[in-house]
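See below for the structure under consideration.
The values are calculated or read from the model by the stated rules, or taken from the named source; none is laboratory data. Just so you know, these numbers come straight off a predicted model, no measurement behind them. Cβ coordinates were reconstructed from backbone atoms using ideal geometry, including for glycine residues, and neighbour counts include every protein chain displayed. Accessible surface is based on the protein model in full, side chains and every heavy atom, while ligands, DNA and RNA are left aside. Shrake-Rupley method; radii C 1.70, N 1.55, O 1.52, S 1.80 Å.
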Amino acid sequence: MTTPPPLLPRREGRELDVEPAREAPVTKLRTCIGVMHNWFIQEDEIDDVLDSVMGPESALLTPEELGELLPRIRKHLRQLIHIATMRVSDDWSPELTELVTRSQRLDDTPVPDDFPSARGYARRLACLVGDVLEVLAVEQEAAQAEGRWSA
């Protein structure tokens with residue numbers, strides 16, 4: 001039995017005259033990994049935050065818990081808006097334009113001092129996160145239908 005010829009021709013081995021990369025300092029690597037980690041969206045974390053603000057247990061939120069949730073919701077919203085605008089950088093839909101406008105308006109609005117108003121503010125943020133997720137899901141389905149790859 002003979003082996004089939006390789007599909008691609010093999011290159012002759014050659015030596016490259018390069019110096020090896022220097023090791024990066026551990027602190028620099030940790031900083032880079034931390035920055036990259038901040039841009040990854042973890043779906044279960046978004047679900048937990050949205051459930052905490054909009055779910056059946058949201059009536060039991062304390063002011064301290066809400067104070068911890070608000071920066072997380074804002075972070076997720078910024079990440080999702082960034083992803084949405086990068087995916088459709090050339091042709092924004094009216095829905096995406098409205099979401100970006102609403103996001104900017106809410107981001108410019110300070111968090112109210114009183115707890116009921118702050119909880120309402122958090123719910124508006126959570127609703128906006130849900131709306132952005134919906135637009136991204138529609139974009140994902142359209143990309144798959146057209147045979148485009150979309151992360």
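With a cut-off of 17 Å on the backbone N, the residues of segment 65-105 near the modelled label site 7 Å out from SER117 along Cα-Cβ are 67. Across THR27, THR97, the residue with the most accessible area heads the list, and the full order at a 1.4 Å probe is THR27, THR97. Accessible surface comparison of LYS75, LYS28, probe 1.4 Å, protein chains only, largest first: the order is LYS28, LYS75. Per-residue accessible area (protein heavy atoms, 1.4 Å probe) orders LEU16, LEU61 as LEU16, LEU61, starting from the largest.
In this calculation the C-beta distance from MET86 to THR31 is compared with R0 = 25 Å, giving a FRET efficiency of 0.60.
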